[in-house]
Amino acid sequence: MEATVEHVKKANPDVFFTTVAYPIKNTGYFEDAASRVIATRSWEEGTDRDYAIRGRRSKAYYKQADRWLRGEVAAHRAVDDPGLAAAKRAEALAAREAMAVMAGEVEA
């Protein structure tokens, strides 16, 4: 995740978004995680995003990872506003601390 934060800061795209990898049937990732995949809805009612992976960190953890990324990028971009940069770095640090607290939380 640190490499991703640094990459986005260096690339400095106009727009970026994050997503957590999810298993799609008939892909290598699905096959690798197959023994841990849990369908949260029936195939008829759901989509390929309606899977949980037993043992993967919680959605709340990844929400904080996104908050960390966005805070770091915002701080990096705020070079002309030291006050804003400091506030965004503080948000990023708070997100990292939350991630550390949540590290043991896993899906099903």
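The values are calculated or read from the model by the stated rules, or taken from the named source; none is laboratory data. Because the structure is predicted, anything quoted here is derived from the model rather than measured. Reconstructed Cβ throughout: ideal geometry from the backbone, glycine too, with neighbour counts over all protein chains shown.
If you go through the range 33-47 one residue at a time, do you hit one that is under 20 Å from the mean Cα position of the chain (by Cα), at pLDDT 90 or above and closer than 21 Å to Met1 by Cβ?
The answer is yes; a qualifying residue exists.
Among the residues of the range 2-31, which ones are surrounded by 12 or more Cβ atoms within 10 Å (Cβ to Cβ), modelled with pLDDT of 90 or more and either among the acidic types (Asp, Glu) or closer than 20 Å to Met102 by Cα (or both)?
Result: Thr4, Val5, Glu6, Thr18.
If a residue must be part of a helix (DSSP H, G or I), more than 16 Å from the chain's Cα centre (by Cα) and of a type outside the set (Lys, Arg), how many such residues does the range 62-108 contain? Please lay out each step first, then the result.
Quick first cut of the range 62-108, residues part of a helix (DSSP H, G or I) only: 62-77, 82-102.
Filter once more, so that each one left must be more than 16 Å from the chain's Cα centre (by Cα): 74-77, 82-90.
Narrowing the set further to residues that are of a type outside the set (Lys, Arg) leaves 74-76, 82-87, 90.
Final tally of qualifying residues: 10.
Need the failing condition index for Leu69 against (1) crowded, with 16+ Cβ neighbours inside 10 Å; (2) touching a strand residue (DSSP E or B) at 6+ places or on another chain (Cβ under 9 Å), just the number.
If we test Leu69 against (1) crowded, with 16+ Cβ neighbours inside 10 Å; (2) touching a strand residue (DSSP E or B) at 6+ places or on another chain (Cβ under 9 Å), just (2) comes out false.
Of the conditions (1) surrounded by 14 or more Cβ atoms within 10 Å (Cβ to Cβ); (2) farther than 30 Å from Lys10 by Cβ, Arg41 clears all except one; give me its number.
(1)
Being at pLDDT 90 or above and closer than 18 Å to Glu105 by Cα is true for just one of Ala92, Ala65, Ala75. Which residue is that?
Sole residue among the options that is at pLDDT 90 or above and closer than 18 Å to Glu105 by Cα: Ala65.
Restricting the search to the range 48-61, which residues are hydrophobic (A, V, I, L, M, F, W, C), modelled with pLDDT of 85 or more and assigned to a strand (DSSP E or B)?
The one that is hydrophobic (A, V, I, L, M, F, W, C), modelled with pLDDT of 85 or more and assigned to a strand (DSSP E or B): Ile53.
Of the residues in the range 1-28, how many are in a helix (DSSP H, G or I) and of a type in the set (A, V, I, L, M)?
Within the range 1-28, the subset in a helix (DSSP H, G or I) is 2-11, 28.
Next cut, of a type in the set (A, V, I, L, M) only: 3, 5, 8, 11.
Of the residues in the range 1-28, 4 are in a helix (DSSP H, G or I) and of a type in the set (A, V, I, L, M).
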